[in-house]
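One structure below.
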Amino acid sequence: MTDPGTDHTSVAQQAAGPDELRERIDRFVRSRVIPREAVLDAGGPAAADALADLRGQAREEGLWALPLPVELGGGGLGFGAYAALAETEGASDHGPAALGSAPLLDVTMLGRHGGTAVREAYLKPLVAGEMRTCYAMTEPDVPGTDPARTGTRAERGPDGSWLVSGRKWFTSGAAGADLVTVMARTGGSAGDREGLSLLLVPTASAGFRVVRELPVLGAGGQYEIELDRVRVPADHLLGKPGDALAIAGERLQLGRTLRCLRWLGQARRAFDLMCERAATRSGSRGPLADQQLIQGHVFDALLALRTTRPLVHEAVALIAAGRDARTEVGLAKVAAARMLQQVADSAIQVHGAAGLGPDTPLPGLLRTGRAARILDGPDELHITSVARRVLRGYATDGGPVTA
C-alpha cells in the first residue's frame, strides 16, 4: 500500500502539473462545492444526493481521492505533494468529502495496522466512498489529553473476539459511519499507559448506539455513542494489544497537520471576503479600503496567514520524510487555530452586521477557528508539550535542539 509519507508519481501528477491541479481543485470547490454548502450543512436525503452528485463530478474530472493509493482507486499523491492541494480543498468543510480525500487518515491507519481481513474488507470501499468511518477516543469524564484514564473496556471471549463496553463523545460523523475505531482498555488498570488497544467496530453491531448529537457552538456533526457489550471480531484489533497510544500518536500527527492545512484554506477564504468587502463597500467617509483601521485588519490578517503557512509546511515536510514532527505539529496546530479565529473575526468586523448573519460563511469559519483551539488537543496541551520537549533538549544536550 502507498504510504502517505512518501511521494510517488501518480495518475494525477502525470495528467497535470501541481499548479494546474491546484487551480482545477480551486475552481471545483468555489464553483461547485461552496454554492451547495447550505444543502450539505442541512444534512438529510438532499445533502446525500448533493454529495453523491459532487463526487460523481470529481471522478469525471480526475480529481477523486488524490492522496489515496492508486491500487485502491485513488490518485496516488504522496503527502508532500497533496499538502499543496489540501489547503485549496479545505476552503470548504465539504471539500475533502466531495473530492474523496476525507478517508485519508483511516485508510492510512488501517493500511498500516489492520490485519489482512480488515484491509481486504474495508480499504477499497473506503476509497470508493462507499463506506464511512469515525474515530472514538474522548469520553464524557475522560479528556482525550489523558487517554490513560480511558474507561471503555474490551474483554476477550473464548473464541478470541472482544466484548466492548463504554461511552465516547465528540465523535465526528458517528451518526452516518459504518465503522468506528474505539480506544478501549484491554489490559492493565485505570491510569496505566499500557493496556490500551484500538478496535475497529462495525456500527451495525448489536449493542452499538448513537446516544445524541453534540452541537459545537450551534453546529452539528459531533456525537456521543455507547457500546454495550458489542462483539468485535478478533481480527478487527488494530496492531497488537496495547498498541493504541503509539497508533493514536501517529494518527494525530498526520490528522492535526491535515486540519492545519484546511484551516489555512478557510482563513484564506475569510481573508478574500474581507478584502472584497473593503474594496467594494463605501460609507459616508468614502471606501472602507481607505480607512486606516480597516487597513490594519487586512495587514494583521495577512501577517497571520503568511507567518502560519511556513510552520504548517515545516510539519508537512517532516511527516513526508518519515521524521518526528511532534514539535512542529504542536506549533502549527496552535498557530493555525489561532490564525483562523483571528482572520475570521477581522473579516466579520469589516463586514459589520452582515458578517453576523446567514449571508456569508463567516460565522461558521469563526466557529471552526474557536472550536479548533479546544478540539484535537487544546492550546494548553500543545504549548506545554512543545515547551517541555524543547527544555529537555537544553537539559540533556546543553543547547537548543529545535530553534
Revision key, fill the gap. Of LEU273, LEU305, LEU331, the only residue that is at pLDDT 95 or above, farther than 29 Å from GLY218 by Cβ and aliphatic (A, V, I, L, M) is LEU331
Check your understanding: Taking interchain pairs and intrachain pairs at least six residues apart, which have beta carbon atoms under 7 angstrom, with the first residue in region 8-26 and farther than 23 Å from SER92 by Cβ and the second aliphatic (A, V, I, L, M) and modelled with pLDDT of 50 or more?
Key -> SER10/VAL70; SER10/LEU77; VAL11/VAL70; GLN13/LEU77; GLN13/ALA81
Review point. Which of (1) assigned to a helix (DSSP H, G or I); (2) under 25 Å from the mean Cα position of the chain (by Cα) is the odd one out, the single condition GLU276 does not satisfy?
Key: (2)
Practice item. Taking the options GLY207, GLY188, name whichever one is surrounded by fewer than 20 Cβ atoms within 10 Å (Cβ to Cβ), at pLDDT below 95 and either under 16 Å from VAL164 (Cα atoms) or in contact with a Pro (Cβ under 6 Å, 6 or more places away or on another chain) (or both). Key: GLY188
Practice item. Go through ARG370, ARG388, ARG338 for me and flag whichever is in a helix (DSSP H, G or I) and without any contact (Cβ under 8 Å) to a residue 12 or more places away in the chain. Key: ARG388
Practice item. Could you check how many residues of region 115-142 are closer than 28 Å to ALA38 by Cβ, in a loop (DSSP other than H, G, I, E, B) and touching a residue at least 12 places away in the same chain (Cβ under 8 Å)? Key: 3
Check your understanding: For the subset of region 122-149 comprising residues that are modelled with pLDDT under 95 and among the polar types (S, T, N, Q), which member is surrounded by the most Cβ atoms within 10 Å (Cβ to Cβ)?
Key -> THR138
Point to revise | Condition check for GLY265: under 16 Å from the mean Cα position of the chain (by Cα) and at pLDDT below 95 | key: no
**Study point:** Filter result (over 12 Å from the mean Cα position of the chain (by Cα) and part of a helix (DSSP H, G or I)) within region 96-114
**Key:** ALA98, LEU99, VAL107, THR108, MET109, LEU110, GLY111, ARG112, HIS113
**Study point:** Residue list for region 45-71, restricted to those being more than 22 Å from the chain's Cα centre (by Cα), outside any helix (DSSP H, G or I) and of a type in the set (Gly, Ala, Ser)
**Key:** GLY62
**Study point:** Output for region 84-105, where each listed residue is under 21 Å from GLN253 (Cβ atoms) and surrounded by 23 or more Cβ atoms within 10 Å (Cβ to Cβ)
**Key:** LEU85, ALA86, GLU87, GLU89, GLY90, SER101, PRO103, LEU104
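The values are calculated or read from the model by the stated rules, or taken from the named source; none is laboratory data. What you see is a predicted model; the values in this text were computed from it and never measured. Using ideal geometry, Cβ is built from the backbone for each residue, glycine included, and neighbour counts are taken over all protein chains shown.
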